[in-house]
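> Please see the structure below; I have some questions.
The values are calculated or read from the model by the stated rules, or taken from the named source; none is laboratory data. Quantities reported herein were computed from a predicted structural model and do not represent experimental measurements. A quick note on method: Cβ atoms are made from the backbone with ideal geometry, for glycine too, and the neighbour counts reach across all protein chains shown.
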């Protein structure tokens, strides 16, 4: 069985404060005499595990349906930074563990997977994010609601990654994933023209 690192999405899954919560219901039920059960869903594409599109932070940048699938599929490294305090996190790009890494997943253990929206969490320094992108990182995934700090309005980490050609996964569930190398499969849904797309993310041992 593949390790599922997606957050379960249901009524009550924490959304970003002020964003549209997940909602669902039924438009037809067998129990009411219909020929099928037919459900409906709504809410923000940022609820649960998702890929941010560059359009999220800059008009004219790539929307959700233009995200390159190969960035979300391939070798990945899970880096355990759960001992880090909330605030800027500086990584040494010359760290041997990051050698050859194209998809970096940060495990902070400060995510929404336990059913609560966290107060704060560690985030990459924007300079570190830019350097990682320059050195070949194509994707940064986090188990937190954002690659930026909760109260950031400039979203410098988003800008640094997108400007450097890297992409973003948020709200992963890495609680049971040891540090190490894996294969990531996390293809964004093909929603057209939006700033984010839901993702079903799994890891496979290499």
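> Any residue in segment 67-80 that is surrounded by fewer than 20 Cβ atoms within 10 Å (Cβ to Cβ), more than 19 Å from the chain's Cα centre (by Cα) and within 20 Å of residue 104 (Cβ to Cβ)?
Checking segment 67-80: not a single residue is surrounded by fewer than 20 Cβ atoms within 10 Å (Cβ to Cβ), more than 19 Å from the chain's Cα centre (by Cα) and within 20 Å of residue 104 (Cβ to Cβ).
> What strands (runs of 3 or more DSSP E), lying completely within segment 97-206, carry at least 3 residues that are touching a residue at least 60 places away in the same chain (Cβ under 8 Å), in contact with a strand residue (DSSP E or B) (Cβ under 9 Å, 6 or more places away or on another chain) and crowded, with 17+ Cβ neighbours inside 10 Å?
The strands (runs of 3 or more DSSP E) meeting that bar are 103-107, 167-170, 180-185, 196-198.
> Does residue 47 fit the bill of being farther than 23 Å from residue 206 by Cα, in a strand (DSSP E or B) and either touching a strand residue (DSSP E or B) at 6+ places or on another chain (Cβ under 7 Å) or modelled with pLDDT of 95 or more (or both)?
Taking the combined requirement at face value, the residue does not satisfy it.
> Hey, does segment 55-76 have a residue that's without any contact (Cβ under 8 Å) to a residue 40 or more places away in the chain, within 21 Å of residue 150 (Cβ to Cβ) and either touching a strand residue (DSSP E or B) at 6+ places or on another chain (Cβ under 7 Å) or assigned to a strand (DSSP E or B) (or both)?
The answer is no; no qualifying residue exists.
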